[in-house]
Amino acid sequence: MAPFHSGELAVQQRMGQAAVADRVGRMIRADIPAVAASFLAEQPMVVVGAADDTGRLWASELAGPPGFVHAVDAGTIAVDARPAVGDPLREALTRSAPIGMIALQPQRRRRMRVNGTATAVGDGLRIVTDQVYSNCPKYITRRQLESYQPDAEPSLPRQGTELDARQQAVITAADTFFVATADTEGNADASHRGGNPGFLQVLSPTHLRWPDYRGNSMFMTLGNIQVNPRCGILIPGWATGGTLQLTGTAELTWAPETFAAGAQCSIDFTITEVIERSGAGPLRWGPPELSPVNP
């Protein structure tokens with residue numbers, strides 16, 4: 001039986017994809033296959049999604065030399081990093097918490113997702129896995145890793161409740177972002193969204209919209225939003241190591257006049273807090289090669 005909750009099932013039914021989702025959902029497993037363990041050990045970056053101490057959802061980037069994320073055993077992943085000082089998830093992940101994690105390899109357009117429970121261990125995390133699965137390469141922008149700068153000094157975070165003009169321009173230029181959502185029980189998920197620059201629309205300093213393109217038909221992100229509007233977004237500064245983190249609420253919009261080309265529906269996101277850091281991470285990536293399947 002596929003591990004879907006009521007929100008996921010409702011969206012699958014509305015999209016006419018219930019049979020497809022049931023079939024695809026059989027690939028989800030609680031243990032970590034050998035190929036997944038090998039993939040994780042190669043990655044210098046993962047993105048995690050979780051709730052802070054007030055219940056707001058955030059997506060945060062963790063980085064380190066390859067091997068900093070690795071399978072300890074068939075049901076446990078070690079992450080030898082924690083969110084940086086000033087990151088909204090730093091304190092929240094000092095305690096046991098539901099977490100979603102996505103490992104994205106831009107160079108090869110590969111990704112895998114993990115949902116489970118994280119516990120702080122030393123300067124890192126241990127994740128006991130509930131769901132482990134891979135995603136297709138659709139909409140992933142190819143980039144090459146150019147340098148790793150572990151001694152880069154991150155700036156103090158800039159906080160606000162709306163986007164300024166420069167931040168709006170960053171969002172409009174983005175071809176990739178990450179989304180943190182959770183179901184009604186707080187089980188968290190982290191996912192990737194990609195498209196041509198402009199696919200993440202700025203409708204106002206506190207209102208964004210993005211299209212949902214056809215993917216694996218499980219609708220885990222949309223299903224979570226269906227039952228729990230809290231949501232977090234991370235827009236990486238690939239060339240600079242900076243990050244733009246947003247939290248707020250999301251809503252599924254089914255009005256066709258809001259759909260961008262290729263969209264199945266729209267997601268409207270209302271911002272309640274903005275956190276920006278320049279040079280937050282040690283990774284510097286090269287120029288983008290947009291996915292050929294982007295609408």
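Look at residue 89 and say whether it is at pLDDT 95 or above, within 16 Å of the chain's Cα centre (by Cα) and farther than 21 Å from residue 219 by Cα.
Criteria met by residue 89.
Taking residue 227, is it modelled with pLDDT of 95 or more, in contact with a helix residue (DSSP H, G or I) (Cβ under 6 Å, 6 or more places away or on another chain) and closer than 30 Å to residue 27 by Cβ? I'd like the intermediate steps shown before the answer.
Working: modelled with pLDDT of 95 or more: yes; in contact with a helix residue (DSSP H, G or I) (Cβ under 6 Å, 6 or more places away or on another chain): yes; closer than 30 Å to residue 27 by Cβ: yes.
The answer is yes for residue 227.
Given (1) of a type outside the set (Asp, Glu); (2) assigned to a strand (DSSP E or B); (3) closer than 21 Å to residue 294 by Cα, identify the lone condition not met by residue 261.
(2)
How many residues, within segment 192-219, are within 15 Å of residue 253 (Cα to Cα) and open to solvent by less than 40 Å² (accessible area, probe 1.4 Å)?
Counting residues in segment 192-219 that are within 15 Å of residue 253 (Cα to Cα) and open to solvent by less than 40 Å² (accessible area, probe 1.4 Å) gives 7.
Would you point out the residue of segment 224-237, among those that are over 15 Å from the mean Cα position of the chain (by Cα) and in contact (Cβ under 8 Å) with a residue 24 or more places away in the chain, that is surrounded by the fewest Cβ atoms within 10 Å (Cβ to Cβ)?
Ranking the qualifying residues of segment 224-237, first place goes to 227.
Quick one: is residue 140 in contact with a His (Cβ under 8 Å, 6 or more places away or on another chain) and in contact (Cβ under 8 Å) with a residue 24 or more places away in the chain? Give the derivation first.
Values: in contact with a His (Cβ under 8 Å, 6 or more places away or on another chain): yes; in contact (Cβ under 8 Å) with a residue 24 or more places away in the chain: yes.
Yes: the conditions hold for residue 140.
Against the condition at pLDDT below 95 and on the phi > 0 side of the Ramachandran plot, how does residue 122 come out, does it pass? Even if it seems obvious, please write down each step before you answer.
Details: at pLDDT below 95: yes; on the phi > 0 side of the Ramachandran plot: yes.
Judged against the criteria, residue 122 is a match.
Conditions: (1) in a strand (DSSP E or B); (2) within 25 Å of residue 198 (Cα to Cα); (3) open to solvent by less than 70 Å² (accessible area, probe 1.4 Å); (4) not aromatic (Phe, Trp, Tyr). Residue 107 meets all but one. Number of the miss?
Condition (1) is where residue 107 drops out.
Could you identify the single residue in 77, 102, 32 that is among the β-branched types (Val, Ile, Thr) and out of contact with any helix residue (DSSP H, G or I) (no Cβ under 9 Å at 6 or more places or on another chain)?
Every option except 102 fails the conditions.
So, of the residues in segment 156-182 that are free of Cβ contacts under 8 Å to residues at least 40 places away in the same chain and small (Gly, Ala, Ser), which turns out to be most open to solvent (accessible area, probe 1.4 Å)?
Just the residues of segment 156-182 that are free of Cβ contacts under 8 Å to residues at least 40 places away in the same chain, to begin with: 165-166, 168-169, 172-173.
Okay, now just the ones that are also small (Gly, Ala, Ser), so 165, 169, 173.
Details: 165: 80, 169: 58, 173: 65 Å².
My answer is 165.
Among (1) in contact with a helix residue (DSSP H, G or I) (Cβ under 6 Å, 6 or more places away or on another chain); (2) modelled with pLDDT of 95 or more, there is one condition residue 59 misses while meeting the rest; what is its number?
Result: residue 59 fails condition (1) only.
Just name the residue that is most open to solvent (accessible area, probe 1.4 Å) out of those in segment 259-271 that are under 20 Å from the mean Cα position of the chain (by Cα) and more than 21 Å from residue 234 (Cβ to Cβ).
Only one residue fits best here, namely 264.
Do we find a residue being buried (at least 18 other Cβ atoms within 10 Å of the Cβ), in contact (Cβ under 8 Å) with a residue 40 or more places away in the chain and farther than 15 Å from residue 192 by Cα anywhere in segment 250-258?
yes
Which of the numbered conditions does residue 145 fail, given that it passes all the others? Conditions: (1) touching a Phe, Trp or Tyr at 6+ places or on another chain (Cβ under 8 Å); (2) open to solvent by less than 30 Å² (accessible area, probe 1.4 Å); (3) farther than 15 Å from residue 47 by Cα; (4) not basic (Lys, Arg).
Among (1) touching a Phe, Trp or Tyr at 6+ places or on another chain (Cβ under 8 Å); (2) open to solvent by less than 30 Å² (accessible area, probe 1.4 Å); (3) farther than 15 Å from residue 47 by Cα; (4) not basic (Lys, Arg), residue 145 violates only (2).
The values are calculated or read from the model by the stated rules, or taken from the named source; none is laboratory data. All values derive from a computational prediction rather than experimental measurement. Cβ sites come from the backbone with ideal geometry, for glycine too, and all protein chains shown count toward neighbours. With ligands, DNA and RNA removed, areas are computed over all heavy atoms of the protein, side chains included. Shrake-Rupley method; radii C 1.70, N 1.55, O 1.52, S 1.80 Å.
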